[in-house]
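The values are calculated or read from the model by the stated rules, or taken from the named source; none is laboratory data. Small disclaimer: the values here were computed from a predicted structure and weren't measured. Cβ coordinates were reconstructed from backbone atoms using ideal geometry, including for glycine residues, and neighbour counts include every protein chain displayed.
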């Protein structure tokens, strides 16, 4: 099962998750609108506790996924983070330097080198802290990654299959 966490201004039916669905990937996409980070993490933790999953999230949703993966690594089979806001010091990520990726499953990060909202350094710092099971795919795109849907779907297929 793929669980999708949309970004702060996203929706459970946004352009990225719609493209993922249209590619044939089954996805659970909760509605996180008007929710703080800790509420998003609580919902994801509950979903992840029920079965092994692949997590995917964009921006603020990527941060929520990274926190859940750190808390429940045995329940996660893989993770795709898209321009993740891993640097935000917001509860429960009060100290972003302590956010470290588990090393028991593959993690891909797609981040634009020209991202105007979340600097690519947020992803690079997370990788530096975490180790070898992470792969950073740098693209030239906006924060929304609207020109990177093909690579997003390709990376998800690698994690799911």
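Since residue 13 meets every condition but one in (1) over 18 Å from residue 147 (Cα atoms); (2) part of a loop (DSSP other than H, G, I, E, B), which condition does it not meet?
Checking residue 13 against (1) over 18 Å from residue 147 (Cα atoms); (2) part of a loop (DSSP other than H, G, I, E, B), the one that fails is (1).
Out of 20, 25, 3, I need the residue that is at pLDDT 95 or above, part of a loop (DSSP other than H, G, I, E, B) and in contact with a strand residue (DSSP E or B) (Cβ under 9 Å, 6 or more places away or on another chain). Which one?
Residue meeting the stated conditions: 25.
Show the residue pairs that are 6+ apart or on different chains and have beta-carbon atoms under 8 Å apart, the first residue being within the range 43-64 and in contact (Cβ under 8 Å) with a residue 40 or more places away in the chain and on the phi > 0 side of the Ramachandran plot, the second being in a strand (DSSP E or B) and buried (at least 22 other Cβ atoms within 10 Å of the Cβ).
Between residues of the range 43-64 that are in contact (Cβ under 8 Å) with a residue 40 or more places away in the chain and on the phi > 0 side of the Ramachandran plot and residues that are in a strand (DSSP E or B) and buried (at least 22 other Cβ atoms within 10 Å of the Cβ), the close pairs are 59/82.
Quick one: which of 133, 103 is touching a strand residue (DSSP E or B) at 6+ places or on another chain (Cβ under 8 Å) and modelled with pLDDT under 95?
Values: 103 fails: touching a strand residue (DSSP E or B) at 6+ places or on another chain (Cβ under 8 Å).
Criteria check complete, one pass: 133.
Residue under question is residue 19, and the condition is that it be touching a residue at least 24 places away in the same chain (Cβ under 8 Å), within 27 Å of residue 147 (Cα to Cα) and buried (at least 24 other Cβ atoms within 10 Å of the Cβ); does it hold?
On the way: touching a residue at least 24 places away in the same chain (Cβ under 8 Å): yes; within 27 Å of residue 147 (Cα to Cα): yes; buried (at least 24 other Cβ atoms within 10 Å of the Cβ): no.
For residue 19, the condition - touching a residue at least 24 places away in the same chain (Cβ under 8 Å), within 27 Å of residue 147 (Cα to Cα) and buried (at least 24 other Cβ atoms within 10 Å of the Cβ) - is not met.
Looking only at the range 61-87, which residues are touching a strand residue (DSSP E or B) at 6+ places or on another chain (Cβ under 9 Å), surrounded by fewer than 24 Cβ atoms within 10 Å (Cβ to Cβ) and in a helix (DSSP H, G or I)?
Correct list: 67, 75.
Yes/no per residue for (1) over 20 Å from residue 52 (Cα atoms); (2) buried (at least 18 other Cβ atoms within 10 Å of the Cβ); (3) under 13 Å from the mean Cα position of the chain (by Cα):
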{"residue": "101", "(1), (2), (3)": "no, yes, yes"}
{"residue": "104", "(1), (2), (3)": "no, no, no"}
{"residue": "108", "(1), (2), (3)": "no, yes, yes"}
{"residue": "116", "(1), (2), (3)": "yes, no, no"}
{"residue": "120", "(1), (2), (3)": "yes, no, no"}
{"residue": "128", "(1), (2), (3)": "yes, no, no"}
{"residue": "131", "(1), (2), (3)": "yes, no, no"}
{"residue": "136", "(1), (2), (3)": "yes, no, yes"}
{"residue": "142", "(1), (2), (3)": "yes, no, no"}
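Filter the range 102-147 down to residues that are in a loop (DSSP other than H, G, I, E, B), over 15 Å from residue 85 (Cα atoms) and touching a helix residue (DSSP H, G or I) at 6+ places or on another chain (Cβ under 6 Å), then give me how many there are.
Step one: of the range 102-147, the residues in a loop (DSSP other than H, G, I, E, B) are 102-106, 113-119, 131-133, 140-147.
Filter again for over 15 Å from residue 85 (Cα atoms), leaving 102-106, 131-133, 140-141, 146-147.
With the extra rule that they be touching a helix residue (DSSP H, G or I) at 6+ places or on another chain (Cβ under 6 Å), the set shrinks to 102, 104.
Summing the residues that are in a loop (DSSP other than H, G, I, E, B), over 15 Å from residue 85 (Cα atoms) and touching a helix residue (DSSP H, G or I) at 6+ places or on another chain (Cβ under 6 Å) in the range 102-147 gives 2.
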